[in-house]
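Visitor: Below you'll find the structure I mean.
The values are calculated or read from the model by the stated rules, or taken from the named source; none is laboratory data. Keep in mind it's a predicted model, so treat the numbers as computed, not measured. For neighbour counting, all protein chains shown are included, and Cβ atoms are generated from backbone atoms with ideal geometry for every residue, glycine included. For the accessible areas, the whole protein counts, side chains as well, though only heavy atoms, and no ligand, DNA or RNA atoms are used. Shrake-Rupley method; radii C 1.70, N 1.55, O 1.52, S 1.80 Å.
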Amino acid sequence: MYQMCVDKLGYLLHLYYGSTIENEDLDYLIRYIDRACSGQPYDALDDRTYSLDILPQEYSTFGSGDYRTSSILVENSDGSQTVDLRFKEFTIYEGKYKLQGLPSVYAKEEADTLEIILEDKHTNMEVVLLYGVFKNLDVITRAVRVKNNGAESVYLNRVLSTCLDFYENKYDFISFYGKHMLERQLERRHLTHGKTSVESVRGVSSHHQNPFVILCDRKADEDIGDCYGFSFVYSGNFLAETEVDQINQTRFVMGINPTGFRYCLKSQEEFIAPEVVMVFSQNGLGELSRIYHDVYRDHLCRGNYAKKQRPVLINNWEATYFDFDEQKILDIASMAADVGIEMLVMDDGWFGKRNNDLAGLGDWVVNHDKIPSGINGLCQKINDLGIKMGLWFEPEMVNEDSDLYRAHPDWCIKVPERSPVRARYQLVLDVSRKEVRDYIFDLITKVLDGTNIEYIKWDMNRNLTDLYSAGLSKESQGELFHRYVLGVYDLMERLIQRYPNILLENCSGGGGRFDPGMLYYSPQIWCSDNTDAIDRIKIQYGTSFGYPISSMGAHVSVTPNHGNGRCTDFKTRGIVAMAGTFGYELDITKLSDEEKDMIQSQIEEFKRNYDVIQYGDYYRLTDVMNNHDFAAWQFVDKQKTKSLCSYVSLTAKANAPTVRLRLKGLDASKKYRINKEDKIYSGDLLMKAGFVVPETFGDYKAINFEILEVQY
Ligand code: GLA
């Protein structure tokens, strides 16, 4: 239940968000107490107990007496910065609002929309709060539209998408930090007085913090406690901030990061602040995640592959890096086809002068020296082997050593006369400009049209710096971060509209842009460049809090692992990659016969469990950040007839304690068998007493337990 009210002065106050309470009016929760140093709006007259600094706000403003973190900060046409928003009107309609040019969750009759119009009468600025309400899912989405009805331009210096005030200071803040090769590591802290925030100012959502955070009771765990999730459907700079105030109230805000943001809103223009998907669960973090999995699988991912079985692929990156040619690709494809792999993805290096990372980005024309048959010819040869073909692009980037850069040096993001920061020897194309997008799109279509390419990996391998666009006026330079993201969305939308049958996988140096915005265009995202199974356990664990398993790109690679040198069994690597989209990234021509046989049986195992992994409910059975002995997770189909439980021992111990796993999500009254063994367990038994894991010997051993209902 979510409740707010319009008070006597026309302010929109937040009353409640949490478990449902039937038909109760909760405005009695608000206390009016005189607190010094917290002033009153003029029309509160002599009532010293009325202060915006204390009252719970539905959308906090800067400059009119609320000193806590604000949702909106405007430079008005006269240079002043006060915003005073009062309620004007509201509407409710069936279906969910849409946001022009931005990704957002979609629904038909499953959701309703509430629009509340607030206005500042002094400046004629209108702020529309949008709420999408999913009746049966415990999901509320929020977004904001700001309209300048004044006669002159104003600058928006901060327009966040959600603001939520809680009456108490009793929450933990869970966020997901990381870096290249180790994304989305769960971190949990008690909130204390003052501000706590995570953010990105990199132009992408980033490896370093994810635009997904949770506020939960201090005692909340996987199965108990009130939890609030906030997931920002946006792929650029973001801010997620909490503040505990002077009287122990907690405020949460989330939206586009105000750092580097200054949007010139001309008279009669509108600005849309992207969507935040809020999920509430009173049953702990596990349920919260499962709600996100459902809503993102069913209401965010689009296209044929949102629901269709995805091909098991082999990618040549870790097999060859830049050192490949057509014959090498065909050798890999041919052996892959023999063992049941369904698609070959040709990664970076097939175009322009791309023989290393110094050159070629921007020149999306096949390198005939490497690929004499061209993309179409190679694709036909691969199709003749009985498998599909996919291709890598990095459309947003350019190397200075490229024909594109030589022809259009002003098409990249950099400040005139200043030397730009380079990263991986590349610069970022200014895709906020339509002519740049048109050019890149045209090149891509020339490669794809008339071929049978069935998958694209869209990469993005550096962060933004030197923000300046030759396409924007001086007043609008502060819009570039945002307009860049809108440009990326426009390009991706064009791509999926033109090639509706292609499976798009996003990537950004691994998982540097793993966010719900990207999931709107691609149902899967490469989780990390780190393919080591043991590091992946933590990466995939963190990712699972806010994103479905079907979205996590995961491959089996070789050992010693190229990223950290660790050795793990082929079996362990398979079991960990199965908790994702599943595929291979290794030189299959160098594997032993035994390993190739294992690929065959892993693919069979994955497909046997495909439905339960990709569409079932996901349960984290261990806290992998703190349990260093073993990790376990579980999938259960919605009918509770089938389950898969994966177990990985971590550091081996002599004379080790017996491990007992208690399963979750089964039907207590049903009977189950594990791995076709004779013993029959009731669901009740498996969930309460659990089953005993066979002893393992050595580090990093993994076992899959397939649990099937026994019919009498
Ligand atoms: C990024 C990706 C990798 C690979 C390389 C190619 O690092 O994450 O998977 O595609 O680029 O340059």
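Visitor: Quick test for you: out of L102, L85, L45, L52, pick the one residue that is free of Cβ contacts under 8 Å to residues at least 60 places away in the same chain and open to solvent by less than 30 Å² (accessible area, probe 1.4 Å).
Guide: On the way: L102 fails: free of Cβ contacts under 8 Å to residues at least 60 places away in the same chain; L85 fails: free of Cβ contacts under 8 Å to residues at least 60 places away in the same chain; L45 fails: open to solvent by less than 30 Å² (accessible area, probe 1.4 Å).
Going through L102, L85, L45, L52 in turn, just one is free of Cβ contacts under 8 Å to residues at least 60 places away in the same chain and open to solvent by less than 30 Å² (accessible area, probe 1.4 Å): L52.
Visitor: If you don't mind, another one. Just to be sure I understand, how many residues within region 22-53 are aliphatic (A, V, I, L, M), over 21 Å from N248 (Cβ atoms) and outside any loop (DSSP other than H, G, I, E, B)?
Guide: The initial filter retains those residues of region 22-53 that are aliphatic (A, V, I, L, M), namely 26, 29-30, 33, 36, 44-45, 52.
After this cut, where a residue has to be over 21 Å from N248 (Cβ atoms) as well, the list is 44-45.
Among the residues that remain, those that are also outside any loop (DSSP other than H, G, I, E, B) are: 44.
Result for region 22-53: 1.
Visitor: Mind checking which residues of region 505-546 are farther than 25 Å from T559 by Cα, hydrophobic (A, V, I, L, M, F, W, C) and away from the ligand (no atom under 14 Å from the Cβ)?
Guide: Matches in region 505-546: L519, F545.
Visitor: Scanning for something open to solvent by less than 10 Å² (accessible area, probe 1.4 Å), farther than 20 Å from F545 by Cβ and among the aromatic types (F, W, Y), does region 144-155 turn up at least one residue?
Guide: no
Visitor: So, one more: Kindly indicate the residue of region 175-194 that is part of a loop (DSSP other than H, G, I, E, B) and open to solvent by 10 Å² or more (accessible area, probe 1.4 Å) and also nearest to I72 (Cα to Cα) among those meeting that condition.
Guide: Quick first cut of region 175-194, residues part of a loop (DSSP other than H, G, I, E, B) only: 180-181, 191-192.
So of that shortlist, the ones also open to solvent by 10 Å² or more (accessible area, probe 1.4 Å) come out as 180-181, 192.
Working: H180: 32, M181: 35, T192: 24 Å.
Top of the filtered list is T192.
Visitor: Being within 25 Å of I224 (Cβ to Cβ) and free of Cβ contacts under 8 Å to residues at least 24 places away in the same chain is the filter; apply it to region 1-25 and report the residue that is surrounded by the fewest Cβ atoms within 10 Å (Cβ to Cβ).
Guide: Step by step, filter region 1-25, then rank; the result is E22.
Visitor: Now a separate question. Condition first: open to solvent by 70 Å² or more (accessible area, probe 1.4 Å) and among the hydrophobic types (A, V, I, L, M, F, W, C). Now tell me which residues in region 417-455 satisfy that.
Guide: The one that is open to solvent by 70 Å² or more (accessible area, probe 1.4 Å) and among the hydrophobic types (A, V, I, L, M, F, W, C): V421.
Visitor: Since P258 meets every condition but one in (1) out of contact with any Cys (no Cβ under 6 Å at 6 or more places or on another chain); (2) open to solvent by less than 10 Å² (accessible area, probe 1.4 Å), which condition does it not meet?
Guide: Checking P258 against (1) out of contact with any Cys (no Cβ under 6 Å at 6 or more places or on another chain); (2) open to solvent by less than 10 Å² (accessible area, probe 1.4 Å), the one that fails is (2).
The rows are residues; the columns are (1) open to solvent by 40 Å² or more (accessible area, probe 1.4 Å); (2) among the acidic types (D, E); (3) in contact (Cβ under 8 Å) with a residue 24 or more places away in the chain.
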{"site": "T641", "(1), (2), (3)": "yes, no, yes"}
{"site": "L650", "(1), (2), (3)": "no, no, yes"}
{"site": "A654", "(1), (2), (3)": "yes, no, no"}
{"site": "D667", "(1), (2), (3)": "yes, yes, yes"}
{"site": "K670", "(1), (2), (3)": "yes, no, yes"}
{"site": "L685", "(1), (2), (3)": "yes, no, no"}
{"site": "K688", "(1), (2), (3)": "yes, no, yes"}
{"site": "V692", "(1), (2), (3)": "yes, no, yes"}
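Visitor: Can you pull out the residues in region 321-345 that are within 15 Å of the ligand (Cβ to nearest atom) and at positive phi?
Guide: Our first condition is that a residue be within 15 Å of the ligand (Cβ to nearest atom); within region 321-345, this holds for 321-324, 329, 344-345.
Y321 - this is the single residue of region 321-345 that is within 15 Å of the ligand (Cβ to nearest atom) and at positive phi.
Visitor: Report every pair of residues separated by at least 6 positions or lying on different chains whose Cβ atoms are under 6 Å apart, first residue within region 335-350 and in contact (Cβ under 8 Å) with a residue 12 or more places away in the chain, second open to solvent by 10 Å² or more (accessible area, probe 1.4 Å) and within 16 Å of the ligand (Cβ to nearest atom).
Guide: Pairs that qualify, where the first residue is in contact (Cβ under 8 Å) with a residue 12 or more places away in the chain and the partner is open to solvent by 10 Å² or more (accessible area, probe 1.4 Å) and within 16 Å of the ligand (Cβ to nearest atom), are D347/W317; G349/F322.
Visitor: Then there is this: Would you pick out the residues in region 64-78 that are more than 33 Å from the chain's Cα centre (by Cα) and open to solvent by less than 50 Å² (accessible area, probe 1.4 Å)?
Guide: Step one: filter region 64-78 for residues more than 33 Å from the chain's Cα centre (by Cα), giving 64-65, 76-78.
Within region 64-78, S64, G65, N76 meet the criteria.
Visitor: Kindly provide the set of residues from region 389-401 that are away from the ligand (no atom under 15 Å from the Cβ) and either over 17 Å from D331 (Cβ atoms) or open to solvent by 70 Å² or more (accessible area, probe 1.4 Å) (or both), ordered by number. Reasoning before the result, please.
Guide: Taking region 389-401 and keeping what is away from the ligand (no atom under 15 Å from the Cβ), we get 389, 400-401.
Result: E400, D401.
Visitor: Can you work out which of the residues in region 346-370 that are away from the ligand (no atom under 16 Å from the Cβ) and touching a strand residue (DSSP E or B) at 6+ places or on another chain (Cβ under 8 Å) is farthest from P311 (Cα to Cα)?
Guide: Filtering region 346-370 down to residues away from the ligand (no atom under 16 Å from the Cβ) leaves 365-366, 368-369.
From what is left, the residues that are touching a strand residue (DSSP E or B) at 6+ places or on another chain (Cβ under 8 Å) are 365-366.
On the way: V365: 26, V366: 25 Å.
In this case the residue turns out to be V365.
Visitor: Which of the residues spanning region 150-187 are over 30 Å from C527 (Cβ atoms) and in contact with a strand residue (DSSP E or B) (Cβ under 6 Å, 6 or more places away or on another chain)?
Guide: Matches in region 150-187: S153, V154, Y155, L156, N157, R158, V159, C163, D165, F166, N169.
Visitor: Follow-up. Being among the hydrophobic types (A, V, I, L, M, F, W, C), within 28 Å of the chain's Cα centre (by Cα) and open to solvent by less than 40 Å² (accessible area, probe 1.4 Å) narrows it down to one residue among F705, F635; which is it?
Guide: Values: F705 fails: within 28 Å of the chain's Cα centre (by Cα).
Only one candidate passes the filter, namely F635.
Visitor: Something else: Can you spot a residue in region 281-288 that is open to solvent by 10 Å² or more (accessible area, probe 1.4 Å), more than 17 Å from K596 (Cβ to Cβ), among the hydroxyl-bearing types (S, T, Y) and in contact (Cβ under 8 Å) with a residue 60 or more places away in the chain?
Guide: No, region 281-288 has no match at all.
Visitor: Of the conditions (1) open to solvent by 10 Å² or more (accessible area, probe 1.4 Å); (2) among the charged types (D, E, K, R); (3) within 14 Å of the ligand (Cβ to nearest atom), R566 satisfies every one except a single condition; which number is it?
Guide: Exception for R566: condition (3).
Visitor: Please note which helices (runs of 4 or more DSSP H) are completely contained in region 282-396 and include at least 2 residues that are within 22 Å of M460 (Cβ to Cβ).
Guide: On the way: elements: 284-299, 317-320, 326-338, 374-384.
Filter on region 282-396 gives 317-320.
Visitor: Report the residue count in region 240-254 for those that are of a type in the set (A, V, I, L, M, F, W, C) and open to solvent by 10 Å² or more (accessible area, probe 1.4 Å). Give the derivation first.
Guide: Just the residues of region 240-254 that are of a type in the set (A, V, I, L, M, F, W, C), to begin with: 240, 244, 247, 252-254.
From the residues that got through so far, the ones that are open to solvent by 10 Å² or more (accessible area, probe 1.4 Å) too are 247.
Final tally of qualifying residues: 1.
Visitor: List every residue pair whose Cβ atoms sit under 9 Å apart, with the two residues 6 or more apart in sequence or on different chains, where the first one lies in region 369-395 and is within 14 Å of A337 (Cβ to Cβ) and the second, anywhere, is at pLDDT below 95.
Guide: none
Visitor: Can you say whether K474 is over 22 Å from the mean Cα position of the chain (by Cα), without any contact (Cβ under 8 Å) to a residue 12 or more places away in the chain and either away from the ligand (no atom under 16 Å from the Cβ) or more than 21 Å from C264 (Cα to Cα) (or both), as far as the supplied structure shows?
Guide: Values: over 22 Å from the mean Cα position of the chain (by Cα): yes; without any contact (Cβ under 8 Å) to a residue 12 or more places away in the chain: yes; either away from the ligand (no atom under 16 Å from the Cβ) or more than 21 Å from C264 (Cα to Cα) (or both): yes.
Judged against the criteria, K474 is a match.
Visitor: Can you find a residue that is of a type in the set (F, W, Y), within 16 Å of the ligand (Cβ to nearest atom) and surrounded by 22 or more Cβ atoms within 10 Å (Cβ to Cβ) anywhere in region 297-320? Step through it out loud before you land on a result.
Guide: First, the residues of region 297-320 that are of a type in the set (F, W, Y): 305, 317.
Then keep just the ones that are within 16 Å of the ligand (Cβ to nearest atom); that gives 317.
Filter once more, so that each one left must be surrounded by 22 or more Cβ atoms within 10 Å (Cβ to Cβ): 317.
For region 297-320, residues of a type in the set (F, W, Y), within 16 Å of the ligand (Cβ to nearest atom) and surrounded by 22 or more Cβ atoms within 10 Å (Cβ to Cβ): present.
Visitor: Filtering region 593-620 down to residues that are open to solvent by 50 Å² or more (accessible area, probe 1.4 Å) and of a type in the set (S, T, N, Q), which residue is nearest to A336 (Cα to Cα)?
Guide: Only one residue fits best here, namely Q600.
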